[in-house]
Every structure is written in C-alpha cells, then in structure tokens.
Amino acid sequence: MAQEPESTSATRDLMRLSAVEILGAHATDLMTAAAVKLGLFEGTEEEQDLAEARILIEALAGLINSAAPHLGHHHAAPLRDGLSTLQTAFREAQEFPDPLGEGPGEDQTRKRRA
C-alpha cells in the first residue's frame, strides 16, 4: 500500500480543524517561543534574547487582537492572560524597562481593553 505524500496528510489534518483550533495552536506556539526567548523554561535562563522575545510578543498581541472578536470570550480570555504574563515577564527581564504602554504588544492590548 502506497503512503500518501506528507503534504496531502497535513492538508487533510488542517481541514479537520476549526479556525479557532488553528489560531489557538499558533498562539500557543508563539507563547512558548516567547517564553523560551525570555529564559522562562528550565535550562534557557542563560540564553535570554529580549529582541527575539519582543518580536514574538508583538506578533502574539496582533494575532490575539485581530482574532479575539471571532474567538469569543471563553477562547480569547486565556490567550490574553498568557499574553499579559509574557508582557510582565518581559518588563521584569529588562535592565531598563520600556515606559508603560510601550512594551511589546502593549499598544495593541491597551486599545483593545480600553
């Protein structure tokens, strides 16, 4: 029996997922990557890269901000909580913290919550 090409299998997998599931998975990937860059995982403390973490947190904020109206509160709230936790960790990791409202993604979350 011949195996189907990997791309066909991946396409079928994506067809089975809802948009909410896909967005949640990608948000989780961005959160995990940002946490790694912030040195929050065991063994990554010395490998901190705040410039990379900033990019990932900004992207996460944009994803959550644009997707939240489609996700509903029960899906968006935990993502916002995770984003807020990363923003706080980023501020705490900085030697000279960004002014309030100017940290990664804060401009996007401030508009949304106001």
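General remarks:
- Label reach from GLU92 (point 7 Å along Cα→C-beta): in the stretch 4-45, amide nitrogens under 19 Å belong to 31-45.
- Read-out percent of Cα pairs over 25 Å apart, derived from the coordinates shown; its label in [x] 19; [y] 41; [z] 32: [z]
- Highest to lowest packing among 22-34, 72-84, scored as the average C-beta count within 10 Å: 22-34, 72-84
- Among PHE90, GLY39, ALA59 the positive-end extreme of the charge dipole of the chain (Cβ point charges): ALA59
- Across the stretch 18-113, C-alpha contacts under 8 Å between residues 6 or more apart give a mean separation that, scaled by the residue count, equals a relative contact order of 29 percent.
- At most 15 other Cβ within 10 Å, DSSP loop - GluC sites (Glu not before Pro), the stretch 59-114: GLU95, GLU102
- Sorting 49-58, 7-16 by their mean Cβ neighbour count within 10 Å, with the most densely packed peptide first, gives 49-58, 7-16.
- Take the Cα of SER18, go 7 Å toward its beta carbon, and the backbone nitrogen atoms of the stretch 61-87 under 16 Å from that spot belong to 67-79.
Read-outs throughout are calculated quantities, based only on the coordinates presented, and are distinct from any laboratory measurement. Model, not experiment: these values are computed from the prediction. All Cβ positions, glycine included, derive from the backbone under ideal geometry; neighbour counts span all protein chains shown.
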